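Participant: I am attaching a structure below and will ask some questions about it afterwards.
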Amino acid sequence: MIVLEFKAKAKTTQYAAADEAIKTAQFVRHKCVRFWMGNRGVEQKDMYRHNTALRAEYPFVKALNSHACQVAALTAYIGQKSVSKVLGRAIALLPITEHTSLPLRRAIIRFKLVVF
């Protein structure tokens with residue numbers, strides 16, 4: 001793998017625009033993950049539909065490039081697939097006894113707080 005490092009020299013407005021785009025992509029990704037957590041059987045096309053609804057609802061998401069929004073939704077979809085796979089294995093490995101409670105078998109996913 002080839003890794004290229006460079007130092008960007010830009011104006012403060014360009015740095016601010018890049019930071020805003022990163023925060024917006026994180027917002028879209030977190031909204032998609034929360035959509036997945038609230039609904040069962042969410043597939044990739046449902047994530048893209050939710051992404052379209054987010055673009056209609058929030059003007060700052062609409063200002064972001066559509067490809068960047070789709071990549072954020074795809075990242076959330078890939079992440080939720082891996083999380084559900086790991087949780088499925090972990091729950092399968094837990095011994096089920098009469099003392100095993102349901103809250104013990106749940107996982108808590110914490111989100112970064114994105115402030116605009």
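The values are calculated or read from the model by the stated rules, or taken from the named source; none is laboratory data. Quantities reported herein were computed from a predicted structural model and do not represent experimental measurements. Reconstructed Cβ throughout: ideal geometry from the backbone, glycine too, with neighbour counts over all protein chains shown. Heavy atoms of the whole protein, side chains included, go into the accessibility calculation; ligands, DNA and RNA do not. Shrake-Rupley method; radii C 1.70, N 1.55, O 1.52, S 1.80 Å.
Participant: Spot the failing condition for Val42; the list is (1) open to solvent by less than 50 Å² (accessible area, probe 1.4 Å); (2) modelled with pLDDT under 85; (3) in a helix (DSSP H, G or I), and only one is missed.
Facilitator: With respect to (1) open to solvent by less than 50 Å² (accessible area, probe 1.4 Å); (2) modelled with pLDDT under 85; (3) in a helix (DSSP H, G or I), Val42 is out only on (3).
Participant: So, one more: List every residue pair whose Cβ atoms sit under 6 Å apart, with the two residues 6 or more apart in sequence or on different chains, where the first one lies in region 74-85 and is modelled with pLDDT of 80 or more and the second, anywhere, is in a helix (DSSP H, G or I) and open to solvent by 70 Å² or more (accessible area, probe 1.4 Å).
Facilitator: Close Cβ pairs (under 6 Å, with a partner that is in a helix (DSSP H, G or I) and open to solvent by 70 Å² or more (accessible area, probe 1.4 Å)) amount to Thr75/Arg29; Ala76/Arg29.
Participant: Hey, among Val61, Val33, Val42, which residue is touching a Gly at 6+ places or on another chain (Cβ under 8 Å) and not acidic (Asp, Glu)? Walk me through how you get there before you give the answer.
Facilitator: On the way: Val61 fails: touching a Gly at 6+ places or on another chain (Cβ under 8 Å); Val42 fails: touching a Gly at 6+ places or on another chain (Cβ under 8 Å).
Criteria check complete, one pass: Val33.
Participant: Continuing with this model, one more query. Contact list please: Cβ distance under 6 Å, first residue in region 59-70 and touching a residue at least 40 places away in the same chain (Cβ under 8 Å) and in a helix (DSSP H, G or I), second residue surrounded by 13 or more Cβ atoms within 10 Å (Cβ to Cβ) and hydrophobic (A, V, I, L, M, F, W, C), pairs at least six apart or on different chains.
Facilitator: Listed pairs, sorted by first residue: Ala68/Ala25; Cys69/Val28.
Participant: Follow-up. Tell me, which residue of region 7-51 that is more than 13 Å from the chain's Cα centre (by Cα) and among the hydroxyl-bearing types (Ser, Thr, Tyr) is nearest to Ala72 (Cα to Cα)?
Facilitator: Looking only at region 7-51, we keep the residues that are more than 13 Å from the chain's Cα centre (by Cα), and these are 7-21, 38-43, 45-46, 49.
Next, only the ones that are among the hydroxyl-bearing types (Ser, Thr, Tyr) stay: 12-13, 15.
Numbers: Thr12: 25, Thr13: 23, Tyr15: 20 Å.
Restricting to residues being more than 13 Å from the chain's Cα centre (by Cα) and among the hydroxyl-bearing types (Ser, Thr, Tyr), the top hit is Tyr15.
Participant: Still on this structure, please answer the following. Quick one: which residue in Leu4, Leu54 is free of Cβ contacts under 8 Å to residues at least 60 places away in the same chain and either more than 16 Å from the chain's Cα centre (by Cα) or open to solvent by 90 Å² or more (accessible area, probe 1.4 Å) (or both)? Walk me through how you get there before you give the answer.
Facilitator: Details: Leu54 fails: either more than 16 Å from the chain's Cα centre (by Cα) or open to solvent by 90 Å² or more (accessible area, probe 1.4 Å) (or both).
The match here is Leu4.
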